[in-house]
2 protein chains.
Amino acid sequence: MKTRLFTPGPTQIPEQIRLSQAQSIIHHRSEAFSKIFVEVNELLQYVFQTDNGVFTFSSSGTGAMEAVIANTLNPGDEVLAVRGGKFGERWAEIGEAYGATVHTLDVEWGCAPPPAKIEEMLRRYPDIKAVCTQLVETSTGALYDIKEIGRIVAGTPAVLVVDAISGLGGEHFLADKWGVDIVVAGSQKALMLPPGLSFVSISQKAWRLVEQVNNPRYYWSFAKAKAALDKDQTPFTPAIALVVALRESLLTIRQESIEKVIQRHQVCASAMRSGVQALGLCVLGDPPANTLTAIELPQGVSEKQLSAVLRDDFGVLVAGGQARLAGKIVRMAHMGWVDALDVVSSISALEMSLHRLGYDLQLGAGVQAVEKMLLGVNHPGTRQA
Amino acid sequence: MKTRLFTPGPTQIPEQIRLSQAQSIIHHRSEAFSKIFVEVNELLQYVFQTDNGVFTFSSSGTGAMEAVIANTLNPGDEVLAVRGGKFGERWAEIGEAYGATVHTLDVEWGCAPPPAKIEEMLRRYPDIKAVCTQLVETSTGALYDIKEIGRIVAGTPAVLVVDAISGLGGEHFLADKWGVDIVVAGSQKALMLPPGLSFVSISQKAWRLVEQVNNPRYYWSFAKAKAALDKDQTPFTPAIALVVALRESLLTIRQESIEKVIQRHQVCASAMRSGVQALGLCVLGDPPANTLTAIELPQGVSEKQLSAVLRDDFGVLVAGGQARLAGKIVRMAHMGWVDALDVVSSISALEMSLHRLGYDLQLGAGVQAVEKMLLGVNHPGTRQA
């Protein structure tokens with residue numbers, strides 16, 4: 001039985017990217033490395049859709065989130081954290097760890113924050129220096145309206161910080177055009193890499209905050225990162241093998257084109273949701289993301305049992321719910337190296353597993369809906385325009 | 001022409017370790033990963049020679065150094081940084097970044113700190129909470145007497161923090177027996193891995209400091225690292241491919257045995273120094289490390305030229321001097337995956353390159369000295385007892 005990793009990070013990695021890590025290591029202060037790093041940085045700008053420089057840290061995405069807080073907020077500075085899931089909570093927690101005054105916009109888990117509420121918060125607390133939110137809240141599968149939030153924040157002195165870890169490379173996202181000042185990303189999602197690298201792009205508007213901040217920082221220092229980037233380097237020894245693999249991954253994305261990559265994610269996500277709905281199940285995220293689908297568990301089906309059957313009988317690995325959603329959902333990702341038949345496999349494994357657990361469904365109904373959506377067929381025998 | 005990486009990090013990586021990174025990625029919250037992580041942690045304790053738990057961070061070694069300072073020193077706390085090179089300076093810089101009161105013991109670059117001087121500093125400043133030093137100062141190639149420093153610090157309330165990044169797995173080092181409270185290590189040196197992982201072990205004595213510290217920290221939090229380690233996990237998504245490769249590397253070390261690995265480093269280092277001396281050149285480190293040799297450049301030979309000839313004509317990559325040693329030395333590493341013929345190759349490339357640059361030497365003299373040392377031959381035709 002093959003193992004199929006359908007977790008929302010780490011994700012499956014194409015063979016040529018995996019193998020690229022295995023090349024003999026090169027020195028990070030060599031011309032050979034700088035050449036790769038220059039290429040990588042240009043490609044990152046392409047994927048982020050930004051003209052701002054992108055810093056590469058050797059860390060998980062959380063490290064980059066901490067780097068943003070450490071470099072932009074002094075103790076006592078006001079920040080707005082949109083809290084619609086575990087990763088929104090993380091913004092608030094890191095803000096608190098740094099002594100910031102954290103205002104939270106609490107959103108029901110699974111929903112996106114109404115941009116008007118953010119506007120309201122910014123009016124009520126005009127000293128807010130940063131609005132921290134997600135592009136996709138990985139814990140709920142909800143997609144946030146960054147374009148509209150960006151429009152609102154751009155009209156205020158605050159900067160907009162978007163954790164795009166689970167969305168970048170799968171969701172339509174235009175960092176500069178939408179006025180996103182700081183974008184955070186990670187390697188192990190739609191970028192099709194192992195975990196271990198994180199990324200931060202930063203606008204001129206946000207850089208002015210960096211210049212005023214006195215928090216203790218060394219490894220996360222944006223000033224050090226910028227000085228090194230100006231010399232086509234990282235300030236400290238980078239995770240070289242991952243940077244080499246990153247080049248491979250970004251070239252793959254560029255070859256397909258970022259627009260087509262996102263379109264592929266849209267198609268997979270729509271097909272996935274059709275399958276889920278055809279099984280009589282509900283999708284949590286509202287609106288739902290392109291990169292993962294959070295599926296509400298029907299009564300009588302436990303997350304543990306379902307995950308175990310998926311894993312043990314079909315080799316399919318999914319993620320359960322986190323924190324308050326523990327036991328209530330399973331999350332199936334379709335981010336990065338994913339295609340139509342991966343969605344078919346996901347839904348097929350899901351319906352067979354549910355069937356084994358005694359859930360009443362018509363075997364094949366989910367996959368049929370997936371196929372119809374993929375082929376644009378609404379009714380049997382009818383081809384959609 | 002083959003490329004031979006003789007830089008003091010990154011280092012050469014055996015093929016089976018490189019390839020292990022290329023395996024399909026596994027999820028970090030799976031039993032499969034925890035099983036690997038348990039094994040890795042036991043093997044790290046074996047290599048560190050400690051019973052203390054070892055935290056694994058996805059970062060460079062500098063990240064782990066910052067983690068130590070962030071978790072053990074409040075602003076104003078006194079710390080002693082032994083400053084005998086660039087990495088001793090780094091301890092002082094990170095201490096200052098965190099607002100600690102940094103006392104420095106300045107040691108001539110290339111020399112080891114006299115333990116009696118540390119004793120004196122601890123008497124003069126009895127409130128020092130931590131003594132931060134190196135096992136090997138990578139910038140100078142000097143080995144520090146951690147055993148004796150450990151004896152001294154153990155008799156005081158201070159904790160001993162040793163950056164063993166460039167020494168671990170190449171130098172005789174007994175963390176617990178020598179009273180080292182905190183050991184910092186990195187993946188890209190004698191552990192034969194790409195950069196991207198760092199390690200911190202911590203004693204009970206040092207843990208008492210952690211409990212009193214209020215610095216902002218999240219990614220580096222030892223409390224989070226400990227809570228996760230107790231569940232055979234890391235708090236944040238780890239660099240999974242590197243952890244898988246780490247297991248491979250540590251198993252390789254265990255199979256050879258740490259004692260034999262260190263002995264092999266000793267033999268290579270002695271042979272290396274014989275070769276250097278036979279060419280009429282001086283070794284900087286006093287005493288010199290097993291893991292790298294810093295070679296003082298003779299008059300008339302520029303570091304840039306020598307490095308370029310080594311690289312372009314012989315495919316040998318070395319490191320130059322850093323900071324105040326820039327232009328004055330080259331550093332050739334023999335750490336990790338290194339054997340007798342690597343030393344022969346290093347010295348041969350060195351003598352051929354120097355010859356090309358017009359330095360007066362007898363071709364072959366360096367290699368002859370290496371061979372004699374390797375075979376234990378003192379005089380031609382005489383076998384040493």
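Here are a few things to note about the model shown:
- Residue within the range A:10-29 that is among the charged types (D, E, K, R), modelled with pLDDT of 95 or more, under 30 Å from B:PRO14 (Cα atoms) and assigned to a helix (DSSP H, G or I) present: yes
- Hey, A:PHE57 within 14 Å of chain B (Cβ to nearest Cβ), crowded, with 17+ Cβ neighbours inside 10 Å, part of a helix (DSSP H, G or I) and of a type outside the set (Ser, Thr, Tyr) or not: no
- Filtered residue count, the range B:144-190, keeping only those that are closer than 21 Å to B:ALA319 by Cα and not in a loop (DSSP other than H, G, I, E, B): 3
- Qualifying residue in the range B:28-38 (condition: under 24 Å from A:ARG18 (Cβ atoms), facing chain A (nearest Cβ under 10 Å) and touching a Ser or Thr at 6+ places or on another chain (Cβ under 8 Å)): yes
Here is a yes/no grid of residues against (1) in contact (Cβ under 8 Å) with a residue 40 or more places away in the chain; (2) aliphatic (A, V, I, L, M); (3) part of a strand (DSSP E or B):
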| position | (1), (2), (3) |
| --- | --- |
| B:ALA32 | no, yes, no |
| B:GLY63 | yes, no, no |
| B:VAL79 | yes, yes, yes |
| B:VAL102 | no, yes, yes |
| B:TRP109 | yes, no, no |
| B:LEU122 | yes, yes, no |
| B:LYS129 | yes, no, yes |
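- Condition met for A:GLN305 (under 30 Å from B:PRO194 (Cβ atoms) and more than 14 Å from chain B (Cβ to nearest Cβ)): no
- Some residue of the range B:337-351 being without any contact (Cβ under 8 Å) to a residue 60 or more places away in the chain and of a type in the set (S, T, N, Q): yes
- Residue list for the range A:298-333, restricted to those being of a type outside the set (Val, Ile, Thr), outside any helix (DSSP H, G or I), touching a Leu at 6+ places or on another chain (Cβ under 7 Å) and surrounded by 20 or more Cβ atoms within 10 Å (Cβ to Cβ): A:LEU317, A:ARG331, A:MET332, A:ALA333
- Among the numbered conditions (1) within 14 Å of chain A (Cβ to nearest Cβ); (2) out of contact with any Lys or Arg (no Cβ under 7 Å at 6 or more places or on another chain); (3) within 22 Å of B:GLY321 (Cα to Cα), the only one that B:CYS111 does not meet is (1).
- Pairs, first more than 14 Å from A:LEU160 (Cα to Cα) in the range A:200-224, second part of a loop (DSSP other than H, G, I, E, B) and aliphatic (A, V, I, L, M), C-beta under 8 Å, six or more apart: A:VAL213/A:LEU73; A:ASN215/A:LEU73
- The set of residues in the range A:275-286 that are surrounded by 20 or more Cβ atoms within 10 Å (Cβ to Cβ) and of a type outside the set (A, V, I, L, M) comprises A:GLY275, A:GLY285.
- Restricting attention to the range A:207-222, the residues being assigned to a loop (DSSP other than H, G, I, E, B) and either more than 12 Å from chain B (Cβ to nearest Cβ) or acidic (Asp, Glu) (or both) number 2.
- Some residue of the range B:40-54 being surrounded by 24 or more Cβ atoms within 10 Å (Cβ to Cβ) and either at the interface with chain A (Cβ under 10 Å from one of its Cβ atoms) or assigned to a loop (DSSP other than H, G, I, E, B) (or both): no
- Restricting the range B:131-164 to residues that are among the small types (Gly, Ala, Ser) and within 20 Å of the chain's Cα centre (by Cα) leaves a set whose member that is nearest to B:GLY320 (Cα to Cα) is B:SER139.
- Qualifying residue in the range B:349-365 (condition: under 30 Å from B:ILE253 (Cα atoms) and outside any strand (DSSP E or B)): yes
- Here the range A:227-240 is the region considered, the condition is being in a helix (DSSP H, G or I) and within 24 Å of B:ALA239 (Cα to Cα), and the residue that is farthest from the other protein chains (Cβ to nearest Cβ) is A:LEU229.
- Residue satisfying condition, being under 30 Å from A:ALA70 (Cα atoms) and either among the acidic types (Asp, Glu) or surrounded by fewer than 21 Cβ atoms within 10 Å (Cβ to Cβ) (or both), within set B:GLU148, B:GLU171, B:GLU96: B:GLU96
- Residues that are in contact with a strand residue (DSSP E or B) (Cβ under 9 Å, 6 or more places away or on another chain), more than 12 Å from B:GLY53 (Cβ to Cβ) and either more than 10 Å from chain A (Cβ to nearest Cβ) or not in a strand (DSSP E or B) (or both) within the range B:194-205 comprise B:PRO195, B:GLY196, B:LYS205, listed in sequence order.
- Some residue of the range B:83-90 being assigned to a loop (DSSP other than H, G, I, E, B) and more than 12 Å from chain A (Cβ to nearest Cβ): yes
- Taking first residues from the range B:268-294 that are in the same structural domain as B:SER348 (by TED's automatic domain parsing) and under 20 Å from B:TRP109 (Cβ atoms) and partners that are part of a loop (DSSP other than H, G, I, E, B) and of a type in the set (Val, Ile, Thr), the Cβ contacts under 8 Å between residues at least 6 apart in sequence or on separate chains come to B:ALA269/B:THR291; B:LEU284/B:THR140; B:GLY285/B:THR140; B:LEU292/B:THR138; B:ALA294/B:THR140.
The values are calculated or read from the model by the stated rules, or taken from the named source; none is laboratory data. Source: prediction; values computed, not measured. Every residue, glycine as well, gets a Cβ built from its backbone with ideal geometry; the counts of neighbours run over all protein chains shown.
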